[in-house]
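Input: a single structure, listed below in structure tokens.
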Amino acid sequence: MSLTEADQAHATYCSFQQWFAENEPGTPMGTITCSGYVPQEYLSDGSSTQGFTCKAPELITATAEWAALDRDWILERIPKFASPQIPRLRAARDAFGNASQACGAFIEGGDSWDMEGSFSLELDGLGSSLAEAIGSIAYVGQGSSPSWMVGWTGAAADEAAAGFFHTISPTLNNHALIANALGYLINLRATIIDENRRNTLDLIGSATESLGATATTDVDLTKRWAVVEGIGAALALTGPGAAIGAPIAFVGWLGSQLKPTKKDTDFKSEPQEVASGLADAFDEMKRDIEYSEADYRTESQTVENAIGSARLETLELYDITQNNPEGTSGQGGNFSADIDVMTNLAQVCYGIADAYEELRSQLGDVYSADSHMVDQDGNPTDADTRVQAMREDFLNFISTTIGRYCLAGEQIEKAARSYAESDSEAAASFESWEESLESNQQGSPLSGSEAEELAEATDRTSEPGTQPEAAEGEPEIAYDPEGWDHPAPEPQQGTA
């Protein structure tokens with residue numbers, strides 16, 4: 001549409017121009033009429049109206065159409081992230097964080113714990129924490145034997161120590177590390193969503209402000225937006241012989257560590273330049289989102305590779321289902337069997353299994369994030385499905401651990417019963433312990449069949465890695481296929 005000199009002269013007297021400038025609410029455009037007045041010097045026939053038509057209605061209508069086209073042009077560039085609910089993502093992340101803390105993780109660097117709520121585990125006098133209870137019976141290696149190895153000695157005790165009890169510390173540590181890593185990955189997904197929603201609102205708000213700025217107004221038209229980046233989720237899982245305790249780098253919820261880079265866009269004050277600048281900013285922001293998604297994908301693969309390459313015994317304990325619960329090895333060898341020590345050890349195993357079961361029962365919120373782990377178009381990415389698969393593996397590791405602690409307690413209990421059969425004093429002590437278990441309801445939290453079912457090795461959902469050979473100098477895990485029940489007809493006191 002072209003405007004003549006007369007059109008420009010008419011603008012001063014145009015009723016539509018006055019209505020637009022005054023912007024009176026409640027006065028629709030359809031109620032406005034314009035006289036079409038133009039000063040005579042701009043009309044060739046000397047008339048003030050003849051041959052002139054006010055073009056304002058046509059121009060305003062066209063402007064609305066242009067604005068709609070610009071809006072659609074910009075809208076298709078805006079990253080949507082429409083459906084995810086950040087509180088659901090936080091609930092899942094906090095559940096993993098609480099699990100990590102309950103498994104003995106301590107913060108070595110980064111932010112401080114910031115989970116909402118905490119996990120409470122009943123330990124029935126076994127210690128102040130799961131880590132303390134497990135640390136009290138763990139076998140780390142020569143020169144650092146747990147106290148129960150003084151009261152129970154011989155081939156069976158040595159094999160129990162070098163097998164099952166050699167894996168309980170690294171298993172707990174790795175549960176803490178994996179839980180923290182999964183919480184971190186959900187945090188990274190949530191930060192990509194939340195920060196880019198904020199970026200979108202901030203850019204639109206800044207562009208809107210710039211439309212009201214003039215060339216003489218001292219206004220900062222530069223807007224900064226954040227680029228989400230991973231911090232490098234290197235996951236070093238622990239092996240046999242590790243001391244209790246898992247140092248972690250904890251990242252606060254939607255933490256500043258995840259958005260270290262800021263970018264600028266400089267808006268002009270002319271409408272077309274604002275629209276163009278806003279579209280360009282969104283194009284660049286979407287490219288940055290792709291970089292963030294690539295970081296998330298890489299870090300989820302890093303965690304999966306670490307879990308997949310870890311020795312299974314350090315993820316879900318020594319596979320006690322390979323033991324013969326009847327036990328035949330080592331008959332006739334020297335051993336000592338303090339029944340009180342053995343029954344206490346069995347009871348500690350039952351208590352740890354019970355605490356782990358409580359931990360599992362409090363992990364329900366890890367499922368709350370599933371439908372909210374999506375990209376800007378509302379679709380789950382490979383990284384999202386990978387995190388969910390690793391979560392299933394983690395929960396299965398926990399379940400297998402519960403079953404194996406129960407079976408360990410049962411096998412130690414059976415060994416104690418066999419030892420007690422040849423000594424009346426030991427038999428009385430064992431009988432008293434059984435009565436105490438029954439009255440205090442402190443036995444195995446699972447039936448024998450339930451424990452055996454849970455104790456079967458985890459069928460992984462995520463991609464398994466290559467199982468490594470034991471590193472040079474790393475202690476081997478001793479499997480005892482003939483079990484821990486090694487009675488001799490007439491027990492002899494002494495060391496094996």
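Please treat every number below as a calculation from the coordinates, not as lab data. Only a predicted model underlies this, so the values are computations on that prediction, with no experimental measurement involved. Cβ placement follows ideal geometry from the backbone for every residue including glycine, while neighbour counts extend to all protein chains displayed.
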Calculate, for S83 and T321, the FRET efficiency according to 1/(1 + (r/R0)^6) with r their C-beta to C-beta distance and R0 35 Å; round to the nearest 0.05.
0.20
At 0.36 nm per residue, and after removing the present C-alpha to C-alpha distance, how many nm does the segment from E453 to Q40 gain when stretched out fully?
138.7 nm
Order of Y419, Y13 - criterion: other Cβ atoms within 10 Å of each residue's Cβ, fewest first:
Y13, Y419
When T200, T31, T61, T343 are arranged by how many other beta-carbons sit within 10 Å of their Cβ, fewest first, they go T31, T61, T200, T343
Amide H neighbours of F250 under 5 Å, counting only residues 5+ apart in sequence or on other chains, H built in-plane at 1.01 Å?
E108, G109, D111
Taking the Cβ of each residue in D7, D72, D202 as the centre, tally the other Cβ atoms inside 10 Å and list the residues starting with the fewest.
D72, D202, D7
